[in-house]
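First up is the structure itself, then whatever we jot down about it.
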Amino acid sequence: MKRLIPITLMAAGVAAIAALATPAFSQETQNQKEPRDGEFSFEGPFGTYDRAALQRGFQIYKEVCSTCHAMKYIHFRDLGPNGPNGGIGFSDPEVRALASQVQVSDGPNDQGEMFERPGRPSDRFKAPFANDQAARAANNGALPKDLSIIIKGRPHGSNYVYSLLSGYEDAPANVKVPNGLYYNPYFPGGFIAMPPPLSQGAVSFADGTPSSVDQMAHDVVTFLTWASEPDLEQRKSLGLKVMVFLVLLTGLAFAVKRKVWADVH
Amino acid sequence: MSASNTTNTDRPAGKGVVDWIDYRLPIFTFMKHQLDEYPTPKNLNYFWNFGSLAGLVLVIMIVTGVTLAMQYTPHVDMAFDSIERIMRDVNYGWLIRYLHMNGASMFFAVVYIHIFRGLYYGSYKPPREVLWWLGVVILLLMMATAFMGYVLPWGQMSFWGATVITNLFSAIPLVGDSIVTWLWGGFSVDNPTLNRFFSLHYLLPFVIVGVVFLHLWALHVHGSNNPLGIDRKSPKDSIPFHPYYTAKDAFGTAVFLLIYLGLVFYAPEALGNTDNNIPADPLQTPASIVPEWYLLPFYAILRSVPNILFIEAKLAGVIAMLGSILLLLFLPWLDKSPVRSANFRPIYRVLFWIFLADCLVLGWVGSQHPEGLPLILGRIGTVYYFLHFLVLLPLVSRIEKPRPLPESISQPVLKA
Amino acid sequence: MSDSAHAAAPSHQDGETRRDFLTLVATAAAGVGAAAALWPFISSMNPSKDVLAISTSDVDLSPVELGQRITVKWRGKPVFIVHRTPEQIATAEKDDTSDTLIDPQPDEKRVQKPEWLIVVGVCTHLGCVPLGQTDQQPHGEFGGWFCPCHGSQYDISGRVRHGPAPKNLVVPTYKFTSDTAVTIG
């Protein structure tokens, strides 16, 4: 009985810490709708990335988002077999081809000048703007954020971005939308500078998947999550092996402890 | 190197090397004494595992930290990028980084439990006052190390947390602003600050190792306290550390690893703040600046104190925050009850649980904006914190009638 | 670590071989775990993915004229590429049997196409970069390169002919991706 109190309070303490740990605690929750659950394949302890969704998501990034958003921490080689978790399913020649479609700045050459050359797998994704100032100038003063770690950089990452991208709607009657902004209830404050990037049929998928806004939002978020967390699959699979081993080891250690202490108890 | 050159000709030949070294540096005799002969109370419960766990986590932090330092660049333009490189391109970089990040949280969790064990069972009482002081020093060093370490990734929270906390030093009268400029190495948190924090973050853990050594030395002078709080009186009260407590510590370690590695592999960013995955932007402050969970109670105390008389709120808050930790040093004199263990101190026991609850409440308060309910609770909680140490403990330890203590550890009186 | 297995001979020697076996298994499992845990740290010090990605260099050979020598960077080191003339090739092959070869090796084993000599421009003595890539620089007596640090000399196949260097200039792994392009590494 006496042992119960300290143990219950410790459990309460742990629960308190767990409650504190939920991202909600330090974020603006007023004027922001709770994100919807995207029910992604990578969630949960056994989650993995849906390769087809990754490729569709990459296509969406390339055709839609990359006009304004950079992804400077992703290299072309990440998409291929040497990439994290075997990439998103492209082969080495496909990666080389993708890279070479882009002109990349290099140099200086022997004359001291910078020059352009076709991209290589070791190059990073090319940014649409030379720097933040150029990006703002082209977007009415708003800065399109780099998307490499956007999922880890927002509370409820995947669900948030998914809700945001598929959540544009008309403002309620009593709400006035400031000039140059768009209404999105999932964005903190409700008004976002980015116009709705996805529209029905904006991208046509080679595998024939219908490109509804919801589908495209889902797929691009899968790709963006892979970009933010390339270690996810390796982490969970190694984690499983480690956990199983540890459970066995704990059992063994417990048995040894009991045996050693048998004569004291 | 045959056995014939030792003076211990009665030792088996196979031990020749051991004896040769031992004769010159008695490390094996030392270890044998500490393990086989060091008398440990036979009634220690699992709360006594947390000291060795803390030592283990310290080793893990140093090993992961040194490995990370091989790949990290302490420059404002490259720090964030170098960590992304670790996460993406360095073999197992993501694992080592998550081990280090969550190891910090586990370090504090383990140490806090270890401290509360000490508070409950009176481990700070004579003759263990210096042992307790060394522990407080270790806690302070840990807090400084963790604070500086959090700045290194150079995310939004790194930068703004550093800005807020270093700005606190300007509260010091007269020399405050000069001290802050000196700390920064400039006129705001910038590259010189980052570089020196990296240097000190690498250094301090080794200082901690030194203090831990002193802490263990002080412990071994009089030996461990125990749940009954009464001294060992005869050999019947104790058992050798090895194999009993080595086995128990091993089991405790396994359970600890289950929790720690469960976190690392399945919820590595659960205890962190998403804002730190955004590169630092000196021109944009995040909506709320919050430290990691283990610093929240102190953050709450810092922000609860209003202007008091002629002392402005900022300075008063700093004094309160520092005071809340330094107060611990005086505990052996604030609580003068000759009875150590709360098991025999019914009133103190209640105060203990209330104090623990107070700390948890302050932790929650620290995570919220300092307004409305959190502010009220924060003020009450802070006042109560000081009340507990400065008023309640001295009072209770004088007027309390403790339960009768058992004869000895090996013959405890069962619950009366 | 494994000491505790046989040092775990406590004062109660009741001959519990079962306890000792269990302890042995538990300790062994812990040891295996500890060793496995060490691997990520060691592996993290191996070349990372970004280093491996630039571990090959693509070189366009079309602008390199007959007789010309160029230097390219590969894995942080200089690589000498010589577009050898027929005379140079002949000299190199004739010297296969020379007795001034310190590290004998036939020329044809050092090239994939005789007109392209590709060698790492690092002296095998103590690592200096030998001279000889431009006409103004000394070539030594054997028409190849001359190392100014301690006087080693290499021939037009990159073989060491005069010490103190002990070995020929290293031929890196390379592959012709076309008649005028090569990938080194």
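Annotations for the structure displayed:
- Here A:Lys33 is the anchor, and the aspartates and glutamates within straight C-alpha reach of less than 13 Å, apart from those fewer than 8 places off in the same chain, are A:Glu169.
- In order through region B:301-313: 3J(HN,Hα) via Karplus (6.51 cos²θ - 1.76 cosθ + 1.60), integer Hz, x for Gly, Pro: 4, 4, 8, 7, 7, x, 4, 10, 6, 9, 9, 6, 3
- Percent of alpha-carbon pairs separated by more than 42 Å within chain B: 23
- Springs join every pair of Cα atoms under 10 Å in this Gaussian network model of chain A, and among A:Ala135, A:Ala99, A:Ala173 the largest mean-square fluctuation is at A:Ala173.
- Diagonalising the gyration tensor over the Cα atoms of region B:285-416 and scaling each eigenvalue by 5 before taking the square root yields semi-axes of 35, 16, 12 Å, largest first.
- Per residue of the protein assembly as shown, the DSSP helices (runs of n ≥ 4 H) give a summed -39500 (n - 2.57) that works out to -15000 deg cm²/dmol at 222 nm.
- Near C:Gly121, the amide H atoms lying under 5 Å from its own belong to C:Val79, C:Phe80; only residues 5 or more places off or on other chains count, and H is placed 1.01 Å from N.
- Simple spin-label estimate for C:Leu52 and B:Val350 gives 6.5 nm between the two label positions (7 Å along the Cα-to-Cβ direction from each Cα).
- Modelled this way, with points 7 Å down the Cα-to-C-beta line, the labels at B:Trp182 and B:Arg398 are 4.1 nm from one another.
- Cut-off under 5 Å, modelled amide H: who pairs with A:Ile74 long-range: A:Phe125
- The modelled label-to-label distance for the pair B:Asn195/B:Glu407, using points 7 Å beyond Cα in the direction of Cβ, is 7.0 nm.
- Here's how it looks for C:Gly144: its modeled amide H is under 5 Å from those of C:Tyr154, C:Ile156, which are all 5 or more places away or on a different chain.
- Local electrostatic count, B:Lys233, Cβ distance below 14 Å [Lys/Arg +1, Asp/Glu -1]: 0
- Where GluC sites (Glu not before Pro) fall in DSSP loop in region A:87-139, at most 10 other Cβ within 10 Å: A:Glu113
- With neighbours defined as other Cβ atoms within 10 Å of a residue's Cβ, the residues A:Leu143, B:Leu283, B:Leu194 order from fewest to most as B:Leu283, A:Leu143, B:Leu194.
- Pairs of Cα atoms in region C:52-184 fall into 5 Å distance bins, from 0 up to the last occupied one, in shares of 2, 11, 22, 24, 21, 12, 5, 1, 0 percent.
- Taking every Cα-Cα distance in region A:51-179 and sorting them into 5 Å bins from zero, the calculated P(r) comes out as 2, 9, 13, 19, 18, 15, 10, 6, 4, 3, 1, 0, 0 percent.
- Among A:Met216, A:Met114, A:Met194: highest mean-square fluctuation, GNM of chain A, C-alpha pairs under 10 Å: A:Met114
- Over 29 Å between alpha carbons, listed pairs A:Lys126/C:Lys73; A:Lys62/C:Lys49; B:Lys233/B:Lys336; A:Lys152/A:Lys176: A:Lys152/A:Lys176
- Folded to 0 to 90 degrees: helix C:17-44 orientation relative to chain C principal axis, Cα: 30
- Each Cα pair under 8 Å and six or more residues apart adds its separation to the average, and for region A:79-162 the resulting relative contact order is 14 percent.
- Neighbouring Cβ atoms from other chains, within 10 Å of the Cβ of residues in B:277-283, number 3 on average.
- Alpha carbon centroid spacing (whole Å) that separates region B:276-326 from region B:152-213: 14
- In order through region B:67-80: 3J(HN,Hα) via Karplus (6.51 cos²θ - 1.76 cosθ + 1.60), integer Hz, x for Gly, Pro: 5, 5, 5, 5, 10, 8, 10, x, 10, 4, 7, 10, 4, 4
- Percent of C-alpha pairs per 10 Å bin in chain A, short distances first: 6, 21, 28, 20, 12, 7, 4, 1, 0.
- Across region B:82-122, Cα-Cα pairs farther apart than 11 Å form 67% of the total.
- ³J(HN,Hα) computed for each position of region A:149-166 - Karplus, 6.51 cos²θ - 1.76 cosθ + 1.60, integer Hz, glycine/proline x: 10, 4, 5, 6, x, 10, x, 6, x, 4, 5, 5, 5, 4, 5, 4, 5, 9
- If you wrap region B:120-248 in the convex hull of its Cα atoms and look at it from every side, the mean projected area works out to 11.4 nm².
- Cα Rg, Dmax, region A:185-265, angstrom units: 25.1, 75
- Principal axis dimensions, largest first and in whole angstrom, of the protein assembly as shown by Cα: 107, 98, 61
- Region B:230-345, Rg to Rh (Cα coordinates; Rh as Kirkwood inverse mean 1/r): 1.13
- Inter-part distance where region C:18-65 and region C:86-121 are each reduced to a Cα centre, Å: 39
- Comparing mean-square fluctuations of B:Gly135, B:Gly210, B:Gly317 from a GNM of chain B with C-alpha springs under 10 Å, the top value falls on B:Gly210.
- Cα centroid separation - region A:175-201 against region B:13-54, whole Å: 67
- When the alpha-carbon atoms of region A:114-217 are used, the pair Rg, Dmax equals 16.7, 54 angstrom.
Every number here is computed from the coordinates shown, using simple stated rules; none is lab data. Note that this is a predicted model, so its numbers are computed, not measured. Cβ atoms come from the backbone with ideal geometry, glycine included; neighbour counts cover every protein chain shown.
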